[in-house]
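Every number in this text was worked out from the coordinates using simple rules, so none of it is lab data. These numbers were taken from a predicted model, which means no experiment stands behind them. So basically every Cβ, Gly included, is an ideal-geometry build from the backbone, and we count neighbours across all protein chains shown.
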Amino acid sequence: AQSVAQPEDQVNVAEGNPLTVKCTYSVSGNPYLFWYVQYPNRGLQFLLKYITGDNLVKGSYGFEAEFNKSQTSFHLKKPSALVSDSALYFCAVRGTWGNNRLAFGKGNQVVVIP
Amino acid sequence: EPEVTQTPSHQVTQMGQEVILRCVPISNHLYFYWYRQILGQKVEFLVSFYNNEISEKSEIFDDQFSVERPDGSNFTLKIRSTKLEDSAMYFCASSSDRRTNEKLFFGSGTQLSVL
């Protein structure tokens, strides 16, 4: 069965500094990897996904993520964090084998300090 | 961007009572899902639904749970006899395609508190 680990509960970063949110995964077959963000009182919003091809994926709001097959990781990055990036970030994975369900991590609270 | 809407945003109920959580998926979507997140834990898959039947369900989705699309626009999750451990945030989602690389659109969730 597929699974995701997001090891940190909260990530604190100063505004303007690089932001990294970590994610590792386990899956049967090739992974389809996703990042979602949740702002207060809103649903989970899609940020970006990795299906195949270039390991560096660019998404919404200046975010990008790097797929690393050998480390089974898909870390989310942003070169310069904004206060408005403060939110809950979820990593998720589906596999090409087995069931079709999307497996999420527990989420990381990102706090960008002005 | 179109949105999935969920009502109510908060639901408080007594243990043993039935609750119905409501969702209006995006209008041209055909695949519907329920997920939940117990405080501090992972977001967990409950069930997926297509063509008026369950296409997949998790171990959590036991006989106390049921889903229905009663009128072509709403998608509901019913818990027949709530337990304390059912307290969680419940998310509804929909997609236009069930390919594994297709993104899901989520609602803002219903916070269920069972007392």
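With the radius of gyration and the Kirkwood radius both derived from the Cα set of the stretch B:51-102, what is their ratio Rg to Rh?
Dividing the radius of gyration by the Kirkwood radius yields 0.97.
log10 I(q)/I(0), Debye, Cα-only the protein assembly as shown, no solvent, q = 0.12, 0.13 Å⁻¹?
For the requested q values the scattering log ratios are -0.65, -0.76.
Compute the relative contact order of chain B as a whole-number percentage, counting only Cα pairs closer than 8 Å that sit 6 or more residues apart in sequence.
Reported relative contact order: 38 percent.
Report the charge-dipole magnitude of chain B in Debye, nearest 20, computed about the Cα centre from +1 at each Lys and Arg Cβ and -1 at each Asp and Glu Cβ.
I would put it at about 120 debye.
Under the Karplus relation 6.51 cos²θ - 1.76 cosθ + 1.60, θ = phi - 60°, what is the ordered set of whole-Hz ³J(HN,Hα) values for the stretch A:6-20, x standing for Gly and Pro?
Calculated HN-Hα couplings, in order: 10, x, 9, 7, 9, 10, 9, 8, 7, 4, x, 8, x, 10, 10 Hz.
How big is the Kirkwood radius of chain A, worked out from every pair of different alpha carbons and given in Å to one decimal?
Details: mean 1/r = 0.0710 Å⁻¹.
This gives a value of 14.1 Å.
Regarding chain B, what whole-number volume in Å³ per residue does the convex hull of its Cα atoms give?
Looking at chain B, the number lands at 104 Å³ per residue.
Taking θ as phi - 60°, what are the ³J(HN,Hα) couplings along the stretch A:34-51 by the Karplus curve (6.51, -1.76, 1.60), each to the nearest whole Hz, with x for Gly and Pro?
For the stretch A:34-51, the Karplus curve yields 9, 10, 10, 10, 10, 8, x, 6, 10, x, 5, 10, 5, 9, 6, 8, 10, 10 Hz.
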